[in-house]
Amino acid sequence: MRLATVVAALALAGCAATAPYRTIELAFDGQAQAIDPRAPPDELAIAQVAARLIHDRLGLPFPAATTLHLYASQASFAEGLSREAGMDGDAAWSRSRFASGFSSPHGIFLRADRLASMSAVDRVGTIAHELTHIAQGEMRRGGRGAAAQWIHEGHADWVKFRVIEMLGLRTYAASRAEVWRSALRSPTPIQRFPSLVDLSRADQWTEARGRLGSAATYGQAFLAVDALVEGYGIERLHEFLRRFSLDAPPASHWRAVFPVPFARFVQHFRARLEAWPESRLESPR
């Protein structure tokens, strides 16, 4: 896969406060432009490089084109989610309070003001996470249903941390250790984390994220996907996600791919989560 810029690159500084948003159209069929190592990459350059790594090295598909929307404030972000992404107005405003990015079939929506204050690791991670959701949608195109929300979010963070590692910003092991550390030190004790079963639907996920925090949702979901990949490999997980493009009952996909019953995996993961000792955490580097 090659990437081409259909319109001129947009630097973050170009997001003037007077403009509600700026839009960049990306097409995945041309030559990617090189990033100048002497200057911090802008959002377009990050998206180009991250998408190429996700496709070429991790084997995930993308649609022919993806639109990247950059918003200058929470208000314009909420308006864009409502107008462009088709989200209910109240839901859009609620999401805009904590989210830095959002993806839908209409494209990727990013809060440029929040990205501006992020480290390079977090900026790359945010964009890679949302790009992965676009790839997940392409994997299940034309089928019935979708995987559980915790699988989508955990997989997006798994890909995010792999991209960060491939760019030499931080090792995957260090990213995983940081997630474990956040879970252990979360204001919500691990024993009160919701079951993976209770993070299956989007509404369950949103409610839990607002009530219990990131570690109990995003952190737990990533650790569950990491355990799944550790046990059975990333190709099996990708096979599972691709099966949602079939005209088959969604409930049949897990047992068609994984040798462990879903309920047993959930049980074993929970035991592992609650028993993990802080002394085994690897220091970030």
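Values in this text are rule-based calculations from the coordinates and carry no lab data. Quantities reported herein were computed from a predicted structural model and do not represent experimental measurements. Please note: Cβ atoms are built from the backbone with ideal geometry, for glycine as well, and neighbour counts cover all protein chains shown.
A few notes on this one:
- If the chain linking R144 and R83 were pulled fully straight, counting 0.36 nm for each residue of separation and taking away their Cα-Cα distance, it would gain 19.3 nm.
- Computed from the alpha carbon atoms alone, the convex hull of segment 147-285 holds 110 Å³ per residue.
- The residues Y218, Y232, Y71, when put in order of fewest to most other Cβ atoms within 10 Å, stand as Y232, Y218, Y71.
- Placing unit charges on the Cβ atoms only, positive for Lys and Arg and negative for Asp and Glu, gives segment 152-285 a dipole magnitude near 180 debye about its Cα centre.
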